[in-house]
Amino acid sequence: MSFKDSKYFAFILLTAASICWGFMYVFVRLMAEIDTLNIAFFRYIFALLAFAPFYFLSKQRKKINWRGRSGMALIIWILLNSALATVLNVLAIKHANASVASILINANPLFIALLAPILIKEKNRIVNYLGAVIAFGGVILVMTEGGHISKFLSSQFLYGYIFALVSAFSIGLSTIYLKKYLRLYGSWAISFYVFLIGAITLTIVNVLFGNLGQLFSISSLNWLWLILFGLVCTTFPFVVFNFGVEKIGPTKAGVFKLLIPVFAVVLAVLLLNEPLTWYIVVGGAVTIGGLALVQVK
């Protein structure tokens, strides 16, 4: 077996995917002057154009049955996981620092652990509930800046925290119901339709409510950030993650997503000069450790 086909190569690519997802938080801050809907819209347009060739060349391509309640439900879960989550992510990063936003948004497995037993009767182990409690404690530590409730309530980042948590809830809820579709159709097909449905929806929303006039005044540098946001932070990590799922399975591949806030915090400190406070380090570590326990099978 060649190195390219080994699990170690998959580990390297999945780590690279986590780094690229971490860059998302940096690029959004760099594009702070661009309208939120424009950022979300172009992310999916560029990602769809780049991902489509990979999907149509993939041997994993499957036809999806869109008829009936099941097809309508799939569209709803995709919208929660794509268009809505992306808009909320951008708002969260704009209204809070990138480090904290990355920790809160990527806490979505916490909602999966809490909701899956109720919604789809998925059984958890004691260690999963323990992990949920630990992760929740880490989230509280980060949002309250070390346990100060008054700072949380009066924080200039309060709206950003709320957007991030609603995004995490939206991603967690949709992920629960998308599991069965992933088993039926595979990650390549679902990823493609996430981009397609997200792009169509955001196009309609942007035409109706967005600031399309801004497109004529976006600087060349911001166009570069937009393109990189769609390609580096979206298409590449999705392609690589799907490859990782094929090589080592969804559970092991999913663990690498725990690295996203780690890389996001490091990149925000290095590239955005954000402060690295003790509560971000400790709270982030506690949250990630708890989420690791949440995903133990």
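No value in this document is a laboratory result; all are computed from the given coordinates. None of the values given here were measured: they were computed from a predicted structure. A quick note on method: Cβ atoms are made from the backbone with ideal geometry, for glycine too, and the neighbour counts reach across all protein chains shown.
Calculated on C-alpha atoms, the gyration radius of the range 112-220 divided by its Kirkwood radius gives an Rg/Rh of 1.09.
Here the sum of -39500 (n - 2.57) over DSSP H runs of 4 or more residues, divided by the residues of the chain, equals -24500 deg cm²/dmol at 222 nm, to the nearest 500. Cross-link partners of Lys180 among aspartates and glutamates, defined as those whose alpha carbon lies under 19 angstrom from its own and excluding same-chain residues fewer than eight positions apart: Glu122, Glu246.
Measuring between their Cα centroids, the range 157-177 and the range 181-202 lie 20 Å from each other. Highest mean packing first, where packing is the average number of other Cβ atoms within 10 Å per residue, the peptides 191-198, 206-213, 26-33 line up as 191-198, 26-33, 206-213. Eigenvalues of the alpha-carbon gyration tensor of the range 208-297, scaled by 5 and square-rooted, set the equivalent ellipsoid semi-axes at 31, 22, 12 angstrom, largest first.
Using a cut-off of 20 Å between Cα atoms, the listed pairs Lys179/Lys247; Lys7/Lys123; Lys121/Lys247 include Lys7/Lys123; Lys121/Lys247 as exceeding that distance. With only the Cα atoms considered, the range 3-294 has a convex hull volume of 141 Å³ per residue.
In whole angstrom, the range 35-119 maps to an equivalent ellipsoid with semi-axes of 26, 21, 13, each derived as √(5λ) from the alpha carbon gyration tensor and ordered largest first.
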